Amino acid sequence: MRIKNGAIFLFFFCLLLTVSFFPGKAFGAAGDRITPYSTWDYHKFNFQEYSFETPKLVDLQQFDMYVGEEANEIVRNENYFNGVPKPDEHWILMGFDISYISGPEEPLNASDLIYSSNNFYTTSGQKITPIDTAVFSQQLKGLGEFDVSLYPGASSKVWYGILVKKTAGLPLIRIGTGVNQTTGSTNYKWFATDPYYIEPVVASNATASSYNSIKLTWTPATGISGYDIYRSTSPTGSFTKVSSVGLPNTNFLNTGLNTGTIYYYKIKTFYTLEDGTKIYGSFSPVVSAKPVLSVPAYPKAAPTSYNSIKTSWKAIKGANGYEVYRATSKTGKYSLVAKTTTTTSFTNTGLSTNKVYYYKIRAYRMVGKTKVYSGYTRIISAKPILSVPTNFKASKSSSTSIKTTWSAVNGASGYEVYRAKTKTGKYSLVKRTTSKYYTNTGLKTGSTYYYKVRAYRKVGSVKVYSGWTTVSSARP
């Protein structure tokens, strides 16, 4: 149980609803005063207020608090000279566990960490200057803020008593946790002493996980039991609770959503009391995302003939189809060449041999009568080329001739036969033909001759060639 006296704090909690803050100097420091940490939960941090100080690793946790008549009585019994509250005043008595975990071999004074006349603020950021601070000389003797001094590895209970106007509210504590080396300004952490305060989620993120889901992630809060997730389709609309997530989870996958619709989320922390009652923190800032189709992965383009290119890609979950776009330069205008295709490939025909074509693909999903698209793939390219003649063979035809043969190549205007006297020697053109064979005559009997062939196609006045066949040899 986080609260020592439930009735007292329930009264004080109601009092906070009508708070009018204790007068003081207005304060507007940077930090997380709007969403402070809870002192009632374990917190470890580096304590440093000035640049000349070496940071000290400190652990702070509040374990007790008294407010109103009970606090007035304890403080009065501790020392006769402690101030007597007026009707509009009361004592706030707070107990902390402070540990000096590690740091320089020098004392950490409790009044350095939390100083009653300097570290307490209202929730609006106004500094609380106590009417009086308590002196302890009975049961709490030696545990006041000026009595406790710790060295590395030591810990102690420390009590703070401040006499304030009843309208001051439960204070926030401001503690220096580092110095900006450039500006010299102090960074602060803020801690709420209200035992009913629940740390909120201060940062969250929403990202599309698939075509129908969004993943929420958030920074964890301490001293809580879980998180409630709320969703809306408008940033200013009505938010509906969609899930409750227990510890230690800091993420939630929201499924069954509409592709392309923007969803808005906010998260509320809660703490469950022993009787099952839930106490809620404030909402996190609103974040948003929309489910989208994934971009088709592994796009490829490869020639399939002298006038065609095949594009292919990996199927996308949730996609109803794909669209293929083509251009004749990488940065040129892309036109749709396949309006819809439910397969994961498309062969583009009727192209010019040896001309480079560029492609990009996107998936789509039908939401009602509307197509909702993925992003485009990276740009891929290929050029149609003649196939290499297959089944190429050189064989003896006579004592002075060798016959070469090959299979016809679709789209070829003709073929060129090259010959050399050694396999790795210089090859010279010996025949240009439209046939699928050539007999090389006038050769020297017993000598070995090496051949290779390539196809060509005329594009205008230019010959565009295939690759070479493998080398084949024979002796007449």
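Mind counting the residues in segment 299-328 that are over 30 Å from PRO389 (Cα atoms) and either of a type outside the set (S, T, N, Q) or without any contact (Cβ under 8 Å) to a residue 24 or more places away in the chain (or both)? It would help to see each step written out before you state the result.
Start the filter on segment 299-328 by keeping residues that are over 30 Å from PRO389 (Cα atoms), which leaves 314-325.
Keeping just the survivors that are either of a type outside the set (S, T, N, Q) or without any contact (Cβ under 8 Å) to a residue 24 or more places away in the chain (or both) gives 314-319, 321-325.
The total comes to 11.
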TODO: Considering only residues that are modelled with pLDDT of 95 or more and under 14 Å from PRO285 (Cβ atoms), look in segment 205-226 and name the one that is surrounded by the most Cβ atoms within 10 Å (Cβ to Cβ).
DONE: LEU216
Task: Answer residue from segment 339-354, given it is more than 13 Å from TYR325 (Cα to Cα) and crowded, with 16+ Cβ neighbours inside 10 Å and is nearest to the chain's Cα centre (by Cα) among those - done: THR344
Task: Residues that are farther than 16 Å from ALA474 by Cα and in a strand (DSSP E or B), drawn from segment 390-448 - done: GLY414, TYR415, GLU416, SER428, LEU429, LYS431, ARG432, THR433
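Of everything in segment 139-186, what is surrounded by fewer than 16 Cβ atoms within 10 Å (Cβ to Cβ), in contact with a strand residue (DSSP E or B) (Cβ under 8 Å, 6 or more places away or on another chain) and within 24 Å of ALA71 (Cβ to Cβ)? Give them in sequence order.
Hits for segment 139-186 are PHE146, LYS157.
Would you say GLY350 is within 30 Å of THR261 (Cα to Cα), of a type outside the set (Lys, Arg) and not assigned by TED's automatic domain parsing to the domain that holds TYR415? Before you say what the answer is, go through the steps one by one.
Working: within 30 Å of THR261 (Cα to Cα): no; of a type outside the set (Lys, Arg): yes; not assigned by TED's automatic domain parsing to the domain that holds TYR415: yes.
No, not satisfied.
Those residues that are in a loop (DSSP other than H, G, I, E, B) and farther than 20 Å from ALA203 by Cβ, I need them from segment 264-289; list them, please.
Within segment 264-289, the subset in a loop (DSSP other than H, G, I, E, B) is 273-277, 284-286.
Residues satisfying the conditions are LEU273, GLU274, ASP275, GLY276, THR277.
Residues checked against (1) free of Cβ contacts under 8 Å to residues at least 12 places away in the same chain; (2) in a loop (DSSP other than H, G, I, E, B); (3) more than 45 Å from the chain's Cα centre (by Cα):
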{"position": "SER111", "(1), (2), (3)": "no, no, no"}
{"position": "TYR115", "(1), (2), (3)": "no, yes, no"}
{"position": "ASN118", "(1), (2), (3)": "yes, yes, no"}
{"position": "SER124", "(1), (2), (3)": "no, yes, no"}
{"position": "THR129", "(1), (2), (3)": "no, yes, no"}
{"position": "SER137", "(1), (2), (3)": "no, yes, yes"}
{"position": "GLY142", "(1), (2), (3)": "yes, yes, yes"}
{"position": "ASP147", "(1), (2), (3)": "no, yes, yes"}
{"position": "PRO152", "(1), (2), (3)": "no, yes, no"}
Open item on the list: Looking at segment 419-476 only, could you name the residues that are in contact with a Lys or Arg (Cβ under 6 Å, 6 or more places away or on another chain), under 30 Å from LEU351 (Cα atoms) and surrounded by fewer than 19 Cβ atoms within 10 Å (Cβ to Cβ)?
Closed with: TYR465, TRP468
Open item on the list: On the basis of being more than 25 Å from ASP41 (Cα to Cα), in contact with a strand residue (DSSP E or B) (Cβ under 9 Å, 6 or more places away or on another chain), surrounded by 15 or more Cβ atoms within 10 Å (Cβ to Cβ) and aromatic (Phe, Trp, Tyr), does PHE239 make the cut?
Closed with: yes
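Only one of THR207, THR261 is under 12 Å from ALA289 (Cβ atoms), within 22 Å of the chain's Cα centre (by Cα), of a type in the set (Ser, Thr, Tyr) and assigned to a loop (DSSP other than H, G, I, E, B); which? Reasoning before the result, please.
Working: THR207 fails: assigned to a loop (DSSP other than H, G, I, E, B).
Step by step, each of THR207, THR261 is checked, and only THR261 is under 12 Å from ALA289 (Cβ atoms), within 22 Å of the chain's Cα centre (by Cα), of a type in the set (Ser, Thr, Tyr) and assigned to a loop (DSSP other than H, G, I, E, B).
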- [ ] Count, please, the residues in segment 57-105 that happen to be within 17 Å of GLY142 (Cβ to Cβ) and among the acidic types (Asp, Glu).
- [x] 3
Open item on the list: Can you tell me which residue is farthest from the chain's Cα centre (by Cα) among those in segment 365-411 that are within 21 Å of VAL453 (Cα to Cα) and aliphatic (A, V, I, L, M)?
Closed with: ILE402
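The values are calculated or read from the model by the stated rules, or taken from the named source; none is laboratory data. On a predicted model such as this, the values are computed, not experimentally measured, just so you know. Here Cβ is always computed from backbone atoms with ideal geometry, including for glycine, and neighbour counts include all displayed protein chains.
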